[in-house]
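S.K.: Structure below; questions to follow.
The values are calculated or read from the model by the stated rules, or taken from the named source; none is laboratory data. Fair warning: this is a prediction, and the values are worked out from it, not measured in the lab. Reconstructed Cβ throughout: ideal geometry from the backbone, glycine too, with neighbour counts over all protein chains shown. Calculation scope for accessible area: heavy atoms of the full protein, side chains included, ligands and nucleic acids excluded. Shrake-Rupley method; radii C 1.70, N 1.55, O 1.52, S 1.80 Å.
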Amino acid sequence: MDREWELKALCKDMDPEIFFSKRTLGLAKQTCRECPVQMACLEAALVREAGVAKAFRIGMVANTTGAQRYAIDKQRKSAKAATAKAETAAEPPRKKPTGRPKGSGGDLAPCGTPAAYQRHIRNKEPVDQACKVANADSRRLYRRTGSTKVPATR
């Protein structure tokens, strides 16, 4: 980070205690008001104090108190969040996933299978007789064997 601005600061040869004492607050404000690098000083202070609570931002820096620097930081964060929100709102909406596994090619289970019966129920469609029979057979097999796998024939 470039800090050559510090060499031009009016406070570089002053006692730092001036900027942290209530008795010398007037002198600190006057020095900061006349300083040619006030904005660079403020930016450096905001970077240095990023994430620091309001109560721990002390002293006069760039003609601002700790509470004022906290308010500036908070305002910048909310503006940044609003910009990010506006950018995401400008993006086209994403397609809603269909719930089908990738690579299935979009093929639906044919009627007369337990999967087709479940699809009819899920989509609140009328269930045809072939799907009812397939589902009943599948449930009967599961109750009898404890598995939905069809036994292999030899």
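S.K.: Expressed as a whole percentage, what fraction of the accessible surface of the chain belongs to carbon and sulfur atoms when a 1.4 Å probe is rolled over the protein heavy atoms?
M.R.: Details: 6930 of 12250 Å².
Carbon and sulfur: 57 percent of the exposed surface of the chain.
S.K.: Shifting gears a bit: At residue 132 and residue 111, where each label point lies 7 Å from the Cα along Cα→Cβ, what is the point-to-point distance in nanometres?
M.R.: Using points 7 Å along Cα→Cβ, the separation is 1.3 nm.
S.K.: Per-residue ellipticity at 222 nm for the chain, helices alone: DSSP H runs ≥ 4 residues times -39500 (n - 2.57), over residue total, nearest 500 deg cm²/dmol? The partial results should precede the final answer.
M.R.: Numbers: 5 runs with 72 residues, N = 154.
One gets -15000 deg cm²/dmol as the mean residue ellipticity at 222 nm.
S.K.: Considering the values (i) 1.55; (ii) 0.99; (iii) 0.94, which represents Rg/Rh (Cα atoms, Kirkwood Rh) as calculated for the structure under consideration?
M.R.: Calculated Rg/Rh (Cα atoms, Kirkwood Rh): the matching label is (i).
S.K.: Over region 3-75, what lengths in whole Å, largest first, do the semi-axes of the equivalent ellipsoid take, defined as the square roots of 5 times the eigenvalues of the alpha-carbon gyration tensor?
M.R.: Working: eigenvalues 72, 46, 19 Å².
Over the Cα atoms of region 3-75, the semi-axes work out to 19, 15, 10 Å.
S.K.: Put +1 on the Cβ of each Lys and Arg and -1 on the Cβ of each Asp and Glu in the chain; which of 19, 113, 75 then has its Cα farthest toward the positive end of the dipole?
M.R.: The one lying farthest along the dipole's positive direction is 113.
S.K.: Go through 12/54; 8/80; 22/54; 54/80; 8/29 and tell me which ones have a Cα-Cα distance over 27 Å in this structure. Spell out each step's value before the answer.
M.R.: Details: 12/54 25 Å; 8/80 31 Å; 22/54 18 Å; 54/80 19 Å; 8/29 17 Å.
Exceeds cut-off: 8/80.
S.K.: Let me ask you something else. Kindly report the accessible area of the chain per residue (heavy atoms of protein chains, probe 1.4 Å, no ligands, DNA or RNA), in Å². Don't skip to the answer; put the middle values down first.
M.R.: Numbers: 12250 Å² over 154 residues.
Roughly 80 Å² per residue, with all protein chains present.
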